[in-house]
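Asker: What follows is a single structure, and I will ask about it in a moment.
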Amino acid sequence: MKKIFRLTSVILFTSMTFVACSQKEISVSASSLKNVTDSASYVMGYSQAMQMKAQGFEINPEIFATAIQQVLKGDTTCLLTQDQIQSTMQSYQEMIMQKQMAELDKKAEPNRKAADVFLEKNKGEKDVKTTPSGLQYRVEKEGKGIKPTNVDDRVRFNYSLSVLKADGSFSEPIENTFIREGDPTISVLNGLIPGVVEGFCLMNQGAIYEFWIHPDLAYGNQHSEGIPGGSLLYFRIELVEVLPSK
């Protein structure tokens, strides 16, 4: 999605039927696969078509099949110039991306509404503070050490993470390093989501804070590792150590 789709690797287009240059519909069944070449052709086409479907590609099957047969028959003359190919694929990429983003926005809407409702109520809760960006936090324990001051600083920390669901309730922690055996997590600040980076910059080493992070300071409408798009994130973080960049 971040680059122009590479469709040049497509070998065969298949569904249960395809349209040849003559526009005659050809049916494909298991009995049609007479040898290993037939079977491999079907597998390659089927696999490619499933990938295209999963990624939301839209094609004209007749033109697609005709272009493949043209090349396989030895006619490699393209109807478009290289400039036209580049322009076409750029426009196609933009069209697909717009449709994918619209679908993500639609799926994320219930979670975003729940986030807005929760934050509006939560800002009035005892000891909850709100930064200009909209990050909400509460101090559980203040620290006495140094603060991170540079995005290249590294931090060692324990944390638990829960997600606000569309019904307004929070999930069970999807990660909780407080109860995990081993060393705390370590990360460079600039590798974390914006809301967590801002949160760490409020903390002194040794502090424990709670954070409620709006999706715009987290993953937006993108789905990420079990976190539905548009979700508000709740973190409880202990800043164990700050490792300043050199």
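The values are calculated or read from the model by the stated rules, or taken from the named source; none is laboratory data. Since we're looking at a predicted model, the values are computed, not measured. Virtual Cβ from ideal backbone geometry, glycine too; neighbours counted across all protein chains shown.
Asker: Filter the stretch 217-239 down to the residues that are surrounded by 20 or more Cβ atoms within 10 Å (Cβ to Cβ) and not hydroxyl-bearing (Ser, Thr, Tyr) and list them by number.
Answerer: LEU217, ALA218, ASN221, PRO228, GLY229, GLY230, LEU232, LEU233, PHE235, ILE237, GLU238, LEU239, listed by residue number.
Asker: So if I check each of MET97, MET50, which one is surrounded by 13 or more Cβ atoms within 10 Å (Cβ to Cβ) and either modelled with pLDDT of 90 or more or over 30 Å from ARG236 (Cβ atoms) (or both)? Give the derivation first.
Answerer: On the way: MET50 fails: surrounded by 13 or more Cβ atoms within 10 Å (Cβ to Cβ).
Exactly one of MET97, MET50 is surrounded by 13 or more Cβ atoms within 10 Å (Cβ to Cβ) and either modelled with pLDDT of 90 or more or over 30 Å from ARG236 (Cβ atoms) (or both), namely MET97.
Asker: Quick check on the stretch 175-183. Is at least one of its residues in contact with an Asp or Glu (Cβ under 8 Å, 6 or more places away or on another chain) and at pLDDT below 95?
Answerer: Yes, there is a match, as at least one residue in the stretch 175-183 is in contact with an Asp or Glu (Cβ under 8 Å, 6 or more places away or on another chain) and at pLDDT below 95.
Asker: Looking at (1) assigned to a loop (DSSP other than H, G, I, E, B); (2) surrounded by 14 or more Cβ atoms within 10 Å (Cβ to Cβ), can you tell me which one GLN69 breaks?
Answerer: Condition not satisfied by GLN69: (1).
Asker: Within the stretch 53-81, count every residue that is closer than 21 Å to GLN100 by Cα and without any contact (Cβ under 8 Å) to a residue 24 or more places away in the chain.
Answerer: So the count comes out to 3.
Asker: For ARG156, state whether it is basic (Lys, Arg), in contact with a strand residue (DSSP E or B) (Cβ under 9 Å, 6 or more places away or on another chain) and part of a strand (DSSP E or B). Lay out the reasoning, then the answer.
Answerer: Details: basic (Lys, Arg): yes; in contact with a strand residue (DSSP E or B) (Cβ under 9 Å, 6 or more places away or on another chain): yes; part of a strand (DSSP E or B): yes.
When the stated conditions are applied, ARG156 passes them.
Asker: Only one residue in SER187, SER169 is without any contact (Cβ under 8 Å) to a residue 60 or more places away in the chain, of a type in the set (S, T, N, Q) and farther than 24 Å from GLU241 by Cβ. Which one?
Answerer: Numbers: SER187 fails: farther than 24 Å from GLU241 by Cβ.
Residue meeting the stated conditions: SER169.
Asker: Which of the residues belonging to the stretch 210-246 are of a type in the set (Val, Ile, Thr) and farther than 20 Å from TYR137 by Cα?
Answerer: ILE227
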